[in-house]
Amino acid sequence: MSATTPISDAVRGTVERLRAEVASLHGELTRYGLVIWTAGNVSARVPGADLMVIKPSGVSYDELSAEAMVVTDLHGTLVEGEHAPSSDTAAHAYVYRHLPEVGGVVHTHSTYACAWAARHEAIPCVLTMTADEFGGEIPLGPFALIGDDSIGRGIVETLRGSRSRAVLMAGHGPFTIGRDARDAVKAAVMVEDVARTTHIARQLGEPVAIDAADVTRLHDRYQTVYGQQGDLQ
């Protein structure tokens, strides 16, 4: 399967690099136990073009080579690839069209994050890691059906103006965004970690929310000071 609109020579090298990177990053989803079977997806915006690279639909994680990745435009139309794009392509495309600062989007079905989504409940900011990574609670987005850009609209409406890089779509699961695909995968790993720990804390009693001013201080420090120079990972 392939579309007729060619990829320009100016971005061909970038597209090939991102195909390899996105394929590799799907291995992180299985490594951290965030997906089962063929569920979940990673995408990356192609800088300098209205294109993205995304996982194909229904293909085993063992078969996700760079060549298997597909390229679509930012309306989800296939531009290049031998497979149909992910069923979540319309959601990813909507995010890229409406949040220009986003370079990567990830969706998983990780157990604890999905459990919070099943309860239609945001994850409260009761851990410094939640403050560091998400700048407050991990918000709940609306229930939306797969198949068009309804999920994308819910993601954008929930995250626009928020410091969080993750949203729990009600009755569905987590979507994360990042400055690039690796950054969005990191956020997906962190969502599941704080979802699990906060759930366990609630079995022991009611967790105590971190003061809003402290959340801001923690978030600002983590985003601007933590890690090696030039690497805020």
Rounded to the nearest 0.05, what FRET efficiency do Ser24 and Ser87 give with R0 = 30 Å and r taken as the Cβ-Cβ distance? Could you check?
0.90
Relative contact order for the chain using alpha-carbon pairs under 8 Å, separation at least 6, rounded to a whole percent?
19 percent
Extension gain (nm, one decimal) between Asp148 and Ala209, 0.36 nm per residue minus Cα-Cα:
18.3 nm
Give the relative contact order (percent, whole number) for segment 1-138; include only Cα pairs under 8 Å separated by 6+ residues.
24 percent
Taking the chain as a Gaussian network, Cα atoms linked when under 10 Å apart, which of Ser87, Ser43, Ser110 shows the biggest mean-square fluctuation?
Ser87
Whole angstrom only: what separates the Cα centroid of segment 152-170 from the Cα centroid of segment 185-208?
18 Å
Do me a favour and compute the ellipsoid semi-axes for segment 8-159 from its Cα gyration tensor, root of five times each eigenvalue, largest one first, whole Å.
26, 17, 15
Translational D in µm²/s for segment 148-220 (Stokes-Einstein at 20 °C, 1.002 mPa s, Kirkwood Rh from C-alpha pairs):
153 µm²/s
Output ³J(HN,Hα) for segment 135-151: one whole-Hz value per residue in order, computed from phi by the Karplus curve 6.51 cos²θ - 1.76 cosθ + 1.60 with θ = phi - 60°, and x for Gly and Pro.
x, x, 4, 8, x, 9, x, x, 5, 8, 7, 6, x, 9, 8, 4, 5
Along the Cα-to-C-beta direction of Arg196, a point sits 7 Å from the Cα; which residues of segment 84-111 have their amide N less than 16 Å from that point?
108-111
Place a label point 7 angstrom from the Cα of Glu157 along the Cα-to-Cβ direction, then list the residues of segment 121-145 whose backbone nitrogen is under 12 Å away.
141-145
The chain, helix-only ellipticity at 222 nm - DSSP H runs n ≥ 4, -39,500 (n - 2.57), divided by all residues, nearest 500
-13000 deg cm²/dmol
What number comes out for accessible area per residue over the chain if the probe is 1.4 Å? Units Å², please.
46 Å²
On a 1.4 Å probe surface of the protein chains, which of Arg97, Arg221 comes out largest in accessible area, and what is the full order?
Arg221, Arg97
Report the accessible area of Asp88, computed with a 1.4 Å probe over the heavy atoms of all protein chains in place, in Å² rounded to the nearest 10.
10 Å²
Could you look at the chain and say what percent of its accessible area is carbon and sulfur, using a 1.4 Å probe and all protein chains?
52 percent
Quick one: 3J(HN,Hα) in Hz for segment 17-23, Karplus 6.51/-1.76/1.60 with θ = phi - 60°, rounded, Gly and Pro as x.
4, 5, 4, 5, 5, 5, 4
Given segment 84-177 reduced to its alpha-carbon atoms as identical point scatterers, what log10 I(q)/I(0) does the Debye formula return at q = 0.17, 0.20, 0.21 Å⁻¹?
-0.67, -0.92, -1.02
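The values are calculated or read from the model by the stated rules, or taken from the named source; none is laboratory data. Quick caveat: nothing in here was measured; it's all calculated off a predicted structure. As a convention, Cβ positions derive from the backbone with ideal geometry for all residues, glycine included, and neighbour counts pool all protein chains shown. To get the accessible areas, we keep the full protein, side chains included, count just its heavy atoms, and leave off ligands, DNA and RNA. Shrake-Rupley method; radii C 1.70, N 1.55, O 1.52, S 1.80 Å.
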